[in-house]
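Single-structure report; data block below.
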Protein chains: 2
Amino acid sequence: MSVVKLEEYRERIRKELDNAVDFWLKYSHDTIHGGFFTCIGRDGTVYDELKYVWLQGRQVWMYCRLYRTMDRFRKPEILEAAKAGVCVSVEIRPRLPAASGKGLSSPPPTRKRGENPGKTPKETLFRVFHILAPGDLSREATDPRSHSVVFFPLWAETVWSRIYGGRGTRLGLGGPPGVPRGKVSPQQLRSPDASRGLVQQLTDGRGQEVVHRYRELASWCVRQILQHVQRDGTAILENVSPEGAELPGCQGRLQNPGHALEAGWFLLQVSAEQGDAELQQTAINKFVELPYQKGWDKEHGGLFYFLDVDGHCPTQLEWSMKLWWPHCEALIAFLMAYSQTQKPQLLETFSQVYEYTFNHFPDTKNGEWFGYLTQEGRVTLDFKGGPFKGFFHVPRCLYMCERMLDDLLANTKDSA
Amino acid sequence: MSVVKLEEYRERIRKELDNAVDFWLKYSHDTIHGGFFTCIGRDGTVYDELKYVWLQGRQVWMYCRLYRTMDRFRKPEILEAAKAGVCVSVEIRPRLPAASGKGLSSPPPTRKRGENPGKTPKETLFRVFHILAPGDLSREATDPRSHSVVFFPLWAETVWSRIYGGRGTRLGLGGPPGVPRGKVSPQQLRSPDASRGLVQQLTDGRGQEVVHRYRELASWCVRQILQHVQRDGTAILENVSPEGAELPGCQGRLQNPGHALEAGWFLLQVSAEQGDAELQQTAINKFVELPYQKGWDKEHGGLFYFLDVDGHCPTQLEWSMKLWWPHCEALIAFLMAYSQTQKPQLLETFSQVYEYTFNHFPDTKNGEWFGYLTQEGRVTLDFKGGPFKGFFHVPRCLYMCERMLDDLLANTKDSA
């Protein structure tokens, strides 16, 4: 594939990222009560003043990341936007996990039944994003005496210790740390996914002492993720037993290609950090190529939301819909896999996902992306922000892809 | 509309009912552990041995009702089938409400977010169906000394008192009896719906003493249902405050035409029992015609699952899908409204719903009905039984419609 093609991708991705940032800066900020509106319609109208708390944290994290690492977003308004969101998040902190506040809502009730049989993973996810956000901000504050620098690392550690029971004493005992067992306690793929993201956040750019402190958890996350490789390596199953065995029935047979692909790029990051070629190979074969092969709709294109590994009909009503976020994860996963290996087939697949994604999800009229398509590719829910869609998956994907394309193009020029 | 047409409807409905009963008798019975399989695929294959407890109760209730009131189902195998299900239900009784047992599952986690923000209504529904089922059976047992006659009324009363705090002392105080208040406690349309069904069941065919005991609850149910008439009588809203006011945001604006139609025929039954012409008029105008006018898809036909009264996009991913059960409720509601009033327009609409329903939902190859169609009318989940679809809505609808058509045709002949 030509350099011209990579430059074309980068150009489009850069524009889409600018566009997404503009949209959320323009429509999501509550200038009266603080925080971010999360229920935003097709044209930017706020259709509900409810603010989903977990999306507040994600939005802060995203602003911080853009401010810290991309020159064109290192602007006062991005930092101020992040701070405004953090103030709201801190305000509701003492009421964790069932947080509520002025116009704020705790995480939405579970809607993906098959992938979340209990309550705990959702609460964990919620808290994880509240660590991620201030963690990033604390390293960003321009004034070293500012509130954020002093306070947020403490806060992150406090929430962390609530989740993981402090000092990581339960780690290495074979169980997922801090996830209490219910009557049925499957291990869900997204739970170690989230923990892995958290470790990365807490250790990113920190000293060796911090890195060492969380190393065991990082290894635990990888082990947990790898337990989802089932059926002699032919499938990634969304739910497995805490011992890593397949569970009976629909719950055990469930596949969520988007989660598998997200796990794939997490594993690729770890393999790169640790120089682990075997892990890289597993990540690509099992968590990038396999979910794509199984999850791609050969008839209409796009990734299915849920599938049953034995070909039964999933019981999730939305199983055949095409959601924006699995496509975001696929773009990141394939571009990262290609960046690490330079194998042309991986870039070919990235292109296929890219074409589907950019032909279906962006709203060329009002900006930002639609989130929900029918199996056939028609927009069926037209809001830009809702209970599960905030300022997160779209900008994170575009940000990561732009950075990877920067590096790929720089390397191409170096070698030319 | 001609008598021939009504006879044609009855013929088809009778066949569909026989067909549904055959399907569940053939495929759903667990002859080893007892009870009913509830996860049944397109062709009758059990795709998960999980048994949803609330569907056990519904299936028992349905068998009892058919056995008790329709000559052609007054067969030993129907009674035995019902008893086999009751034994399983009784076995798990002591663990109410979070019941579990061998291969049994408590009610599925909430999936219709907008219509069930808390946990309580689902638990109430679950328990209600466990009263309904044995209540019916206890009046059916052929042997007066049998276990069921002695035991089940006691059981029903026990569960009843758990739900309603015994003796109805909380009735008339303005609050929904026995539904504990959460942080946000909207009143959902289906909660009084279920209570109303329960009162009907507990009083049906009983002496005046029993009827009197539950009269206040019956009136409370009607008052609660009527609180969902909002916006100057132009809309039925799914969630209202306990005081009967509209709630803010998406939750407050949500409409569920299927629930409104179900409430409609409940109200029509009450109005007939009480000779209340005003209630009948309200039921028809507000709970039968209005939800149909708002909920019918003018482009593709069929009833939407959810709608926002202000025309925003609902946040429920399945909002535009066509589900079997709202169509069942619509058939009952329009045929009952026509039976009570003889207004031709009501029969016209019944015919329209009938055509859509019978052209889309029945599986002419394997029997029974599909439950889930895309907006365009394509089958998108092909199982016959799942977490929310059991031996209940389809046979209840066919049973009630057949009975109403019997009466209509008998009256036509009488008057001829």
- Note on the structure: Residues in segment B:379-408 that are out of contact with any helix residue (DSSP H, G or I) (no Cβ under 9 Å at 6 or more places or on another chain) and either without any contact (Cβ under 8 Å) to a residue 24 or more places away in the chain or among the acidic types (Asp, Glu) (or both) total 2
- Item | Selection from segment B:363-416 of residues that are at pLDDT 95 or above, open to solvent by 10 Å² or more (accessible area, probe 1.4 Å) and among the basic types (Lys, Arg) | B:Lys365, B:Arg378, B:Arg396, B:Arg403
- Message: So, in segment A:1-50, how many residues would count as being touching a Leu at 6+ places or on another chain (Cβ under 9 Å), within 11 Å of another protein chain (Cβ to nearest Cβ) and either closer than 26 Å to A:Ser351 by Cα or open to solvent by less than 20 Å² (accessible area, probe 1.4 Å) (or both)?
- Response: 2
- Message: So if I check each of A:Phe350, A:Phe306, A:Phe334, A:Phe358, which one is closer than 24 Å to B:Leu381 by Cβ and either more than 10 Å from every other protein chain (Cβ to nearest Cβ) or open to solvent by 20 Å² or more (accessible area, probe 1.4 Å) (or both)?
- Response: A:Phe306
- Task: Test B:Val270 against the criterion of being in contact with a Phe, Trp or Tyr (Cβ under 8 Å, 6 or more places away or on another chain) and over 26 Å from A:Glu318 (Cβ atoms), and give yes or no.
- Result: no
- Please work out which one of (1) outside any helix (DSSP H, G or I); (2) hydrophobic (A, V, I, L, M, F, W, C); (3) within 12 Å of B:Phe391 (Cβ to Cβ) is the condition B:Trp24 fails and give its number. (1)
- Enumeration of residues in segment A:280-302 that are without any contact (Cβ under 8 Å) to a residue 60 or more places away in the chain and polar (S, T, N, Q): A:Gln281, A:Thr282, A:Asn285, A:Gln293
- Item | Near pairs, Cβ below 7 angstrom, 6+ apart or cross-chain, from segment A:44-55 (under 15 Å from A:Gly34 (Cβ atoms) and part of a loop (DSSP other than H, G, I, E, B)) to any residue that is open to solvent by 10 Å² or more (accessible area, probe 1.4 Å) and of a type outside the set (D, E, K, R) | A:Glu49/A:Phe37; A:Glu49/A:Gly103; A:Glu49/B:Gly249; A:Leu50/A:Gly103; A:Leu50/A:Ser105; A:Leu50/B:Gly249
- Message: Being open to solvent by 50 Å² or more (accessible area, probe 1.4 Å), at negative phi and in contact (Cβ under 8 Å) with a residue 12 or more places away in the chain narrows it down to one residue among B:Ala272, B:Ala277; which is it?
- Response: B:Ala272
- Given the structure, is B:Met62 of a type in the set (A, V, I, L, M, F, W, C) and surrounded by fewer than 21 Cβ atoms within 10 Å (Cβ to Cβ)? no
- Query: If you go through segment A:255-291 one residue at a time, how many are touching a Leu at 6+ places or on another chain (Cβ under 6 Å) and more than 14 Å from A:Ile225 (Cβ to Cβ)?
  - Reply: 2
- Sort out which residues of segment A:227-245 are closer than 25 Å to A:Asp297 by Cα and open to solvent by 50 Å² or more (accessible area, probe 1.4 Å), and write them in order of number. A:Arg231, A:Asp232, A:Thr234
- Query: Mind checking which residues of segment A:39-70 are at pLDDT below 95 and more than 28 Å from A:Asp382 (Cα to Cα)?
  - Reply: A:Tyr67, A:Arg68, A:Thr69
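For residues that are surrounded by fewer than 20 Cβ atoms within 10 Å (Cβ to Cβ) and not charged (D, E, K, R), scanning just segment B:204-217, find the one that is modelled with the lowest pLDDT. Full working, then the answer.
Initial filter on segment B:204-217 (surrounded by fewer than 20 Cβ atoms within 10 Å (Cβ to Cβ)): B:204-213, B:215-216.
Next cut, not charged (D, E, K, R) only: B:205, B:207-208, B:210-212.
Details: B:Gly205: 65, B:Gly207: 70, B:Gln208: 74, B:Val210: 70, B:Val211: 72, B:His212: 74.
Applying the filter and picking the extreme gives B:Gly205.
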- All positions within segment A:234-253 that are more than 21 Å from A:Tyr292 (Cβ to Cβ), more than 14 Å from every other protein chain (Cβ to nearest Cβ) and charged (D, E, K, R): A:Glu243
- Message: For segment B:309-331, give me the residue count where each residue is within 14 Å of chain A (Cβ to nearest Cβ) and among the small types (Gly, Ala, Ser).
- Response: 2
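The values are calculated or read from the model by the stated rules, or taken from the named source; none is laboratory data. Bear in mind that the values here come from a model prediction, so they are computed numbers and not experimental data. All Cβ positions, glycine included, derive from the backbone under ideal geometry; neighbour counts span all protein chains shown. We work out accessible area using only protein heavy atoms, side chains counted, and drop any ligands, DNA or RNA first. Shrake-Rupley method; radii C 1.70, N 1.55, O 1.52, S 1.80 Å.
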